[in-house]
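Nothing in this text is a laboratory measurement; each read-out follows from the coordinates by a stated rule. Note that this is a predicted model, so its numbers are computed, not measured. Positions of Cβ are backbone-derived with ideal geometry, glycine not excepted, and every protein chain shown enters the neighbour counts.
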Amino acid sequence: MSGVQLPVGEEKALAVQRMFDAIAPRYEVVNRVMTFGLDERWRRKAIDALGLPTGSLVLDLASGTGDFCRLSQRAGHHCIGVDFSGGMLAAARTTAPLVQADILRLPVHDRAADGATCGFALRNLVDLATFFAELARVVRPGGRVALLEVATPPNAVLRAGHAVYFGRVVPVIGGLLSDPAAYRYLPRSVAYLPEPPRLLAMLAEAGFADASRTLLSGGISQLLVATRDLR
């Protein structure tokens, strides 16, 4: 993934799986360093935004090393983590049940979950429409989803500074602490994301009519929150 061409389809799925297997042992450390700890704050905002009652069943999709699972449990929810990467699951620090599976084909019954979270994985998926359809299938009517992803600041000055940091500094940090190729891919992978209006439209088309988007920390990340339609 070090070339100019970004992988697509099955090639992308295999490349992403291998990449996360490789960076799993240092994944949390690198995240804390390159976001100055803000990623934990963003995840807490996502859990709060779910607004689910204590004891709800929350699926954490692309669960990685278990950040969202730990926060869901602290909020009083039952959580199950699902990830494509065996390396990530092996490095996870959570007591929540973990399942290795493709989140585009979840091994979960229809309407089984009260809610779902997903952190910084939308751009790594082969087919976003399929993922949103799976969310609509497994989350009960009235259930909630909270999806975190990177974003581009709307302010021109912040946008320029962020472009330098994300495009040049993050690959250096990732290269020093983990796998250089993976963290060169990270800034480039933003190209996979649809524009914000299209993201919200795709969620609405899947069955989340009230989907909303909030920018966090000046717009370097975004939080998508939605309720499963009552149908």
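The relative contact order of the chain comes to 21 percent, based on Cα pairs under 8 Å that sit 6 or more residues apart. Quick one: check the C-alpha center-to-center distance for the range 195-231 versus the range 151-166, whole angstrom. First find each Cα centre; the distance between them is then 21 Å. The C-alpha atoms of the chain define a longest principal axis, and helix 9-23 lies at about 70 degrees to it. Extension gain, THR214 to LEU177, is 10.3 nm, computed as 0.36 nm per intervening residue step minus the present C-alpha separation. Does anything in the range 167-185 have its amide N under 17 Å from the 7 Å Cα→Cβ label point of ALA90, and if so which residues? Within reach of a label on ALA90, which here means backbone N under 17 Å from a point 7 Å along Cα→Cβ, the range 167-185 contributes 179.
Between the range 38-69 and the range 113-136, what's the alpha-carbon centroid distance in Å? A separation of 14 Å, based on Cα centres. Kindly list the residues of the range 139-181 that lie in the label zone of ALA112, defined by a backbone N under 16 Å from the point 7 Å along the Cα-to-C-beta vector. The answer is 139-141. Mean-square fluctuations from a GNM of the chain, with a 10 angstrom spring cutoff on Cα atoms, peak among LEU176, LEU98, LEU71 at LEU176. Modelled spin-label separation between LEU38 and ALA191, with each label point placed 7 Å from Cα along the Cα-to-Cβ direction: 2.4 nm.
Within the listed set ALA151, ALA112, ALA46, the Gaussian network model of the chain (springs between alpha-carbon atoms below 10 Å) gives the highest mean-square fluctuation for ALA112. Go through the range 27-84 and name the chymotrypsin sites (Phe, Trp or Tyr not before Pro) that are in a DSSP coil and have 11 or fewer other Cβ atoms within 10 Å of their Cβ. Here the sparse-neighbourhood loop sites are PHE36.
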